[in-house]
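The values are calculated or read from the model by the stated rules, or taken from the named source; none is laboratory data. All of these numbers come straight from a predicted model, not from anything done at the bench. Here Cβ is always computed from backbone atoms with ideal geometry, including for glycine, and neighbour counts include all displayed protein chains.
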Amino acid sequence: MDLNKIKKDGKTGLANALVELEQNPFNKNSLNLLTQAYKAKNGNILGITGPPGVGKSSLIKNLIKFYRSKKKTIAVIAVDPSSKKTKGALLGDRIRLETDPNDKGLFIRSMAARDKLGGLASITLSSAFLFNALFDLTIIETVGVGQSETDIVNIADTVLFCVQPGSGDALQFMKAGIVEIPDIIAITKSDLGEIANITKNDVINSIKIGNYSKEQDLPIVLISSKEEKNINDLINKIEESQKRNEAIKNKKKEIRSIFWLEESIKEQFGLSGIEKLKKIKINTNSPFLQFLKIIK
């Protein structure tokens with residue numbers, strides 16, 4: 001597999017590459033492709049997380065509309081929960097997004113979480129590296145998450161946490177875990193009226209009570225995807241966060257690389273494999289081919 005050939009072949013080439021990454025994640029061809037993606041000029045990764053039914057997909061639909069109007073290329077990774085009984089997943093996000101399948105500047109990939117905790121699928125991280133080399137913006141929608149599904153912070157440049165008015169999520173903000181990771185908070189479905197303002201105040205108070213380090217500069221935006229209300233305000237906050245994080249982009253890439261190595265070793269050998277290793281130091285030439293040396 002070759003990054004330039006994938007670009008030339010378009011969506012078909014990219015789909016085939018993703019199948020190869022999923023079926024043979026640790027063979028040399030896959031790791032070489034990830035190395036090419038790692039060295040390429042990268043876009044930005046936006047992680048969107050929050051509880052089930054909060055409106056993540058509806059928000060993504062509006063984000064796609066905005067960025068495509070600006071001629072920005074977009075990739076979306078939508079992770080759906082898997083049935084514990086059948087191991088299957090609905091993978092219905094592409095239906096809800098209602099996008100143009102002929103749009104060459106947009107690629108959407110649904111993934112089943114399977115038995116992976118943390119709000120993401122096993123293939124998500126490798127796909128994110130590949131998409132980040134090919135698109136201006138990669139959006140990762142996690143499964144509906146609780147307080148401990150925080151893996152997205154290890155992947156995304158900017159994390160957006162969505163809170164639904166009147167759902168009681170504000171109280172969960174006082175607990176460690178999900179509260180510690182967002183760069184931006186969106187109160188969704190603000191068309192519900194005053195209850196959205198009450199929820200915003202609840203979130204603000206919860207953060208103050210928790211005394212989290214981000215409280216002073218953590219933007220909280222009231223939005224309505226249905227009415228497209230304040231979507232531009234939210235996008236401004238996202239772009240401001242991306243600019244702030246530009247200086248630490250290489251650090252973010254290193255965090256993603258360490259996370260990829262740790263998760264890959266766990267997948268191959270379990271937690272004992274990580275415990276037997278010394279602290280991982282990234283080979284910036286290729287953290288992916290480094291995997292082959294570690295497991296020997």
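Worth pointing out:
- Residue check for Asn245: within 14 Å of Val159 (Cα to Cα), out of contact with any Cys (no Cβ under 7 Å at 6 or more places or on another chain), modelled with pLDDT under 90 and of a type outside the set (Gly, Ala, Ser): yes
- Selection of the stretch 148-181 for residues being in a loop (DSSP other than H, G, I, E, B), modelled with pLDDT of 75 or more, among the hydrophobic types (A, V, I, L, M, F, W, C) and surrounded by fewer than 22 Cβ atoms within 10 Å (Cβ to Cβ) yields only Ile181.
- Within the stretch 95-114, restricting attention to residues that are at negative phi and modelled with pLDDT under 70, the residue that is surrounded by the fewest Cβ atoms within 10 Å (Cβ to Cβ) is Ile95.
- Only listed residue being at pLDDT below 85 and either touching a helix residue (DSSP H, G or I) at 6+ places or on another chain (Cβ under 8 Å) or part of a helix (DSSP H, G or I) (or both), chosen from Lys200, Lys208: Lys208
- The requirement of being surrounded by fewer than 19 Cβ atoms within 10 Å (Cβ to Cβ), modelled with pLDDT of 90 or more and either out of contact with any helix residue (DSSP H, G or I) (no Cβ under 8 Å at 6 or more places or on another chain) or of a type in the set (A, V, I, L, M, F, W, C) (or both) is fulfilled somewhere in the stretch 71-93, by at least one residue.
- Test: residue in the stretch 128-135 that is in a helix (DSSP H, G or I) and modelled with pLDDT under 70: no
- When Leu117 is tested against the conditions (1) closer than 21 Å to Thr73 by Cα; (2) modelled with pLDDT under 85; (3) not acidic (Asp, Glu), the lone failure is (1).
- Test set (1) assigned to a loop (DSSP other than H, G, I, E, B); (2) more than 25 Å from Ser224 (Cβ to Cβ); (3) of a type in the set (A, V, I, L, M, F, W, C) - Val54 fails condition number: (2)
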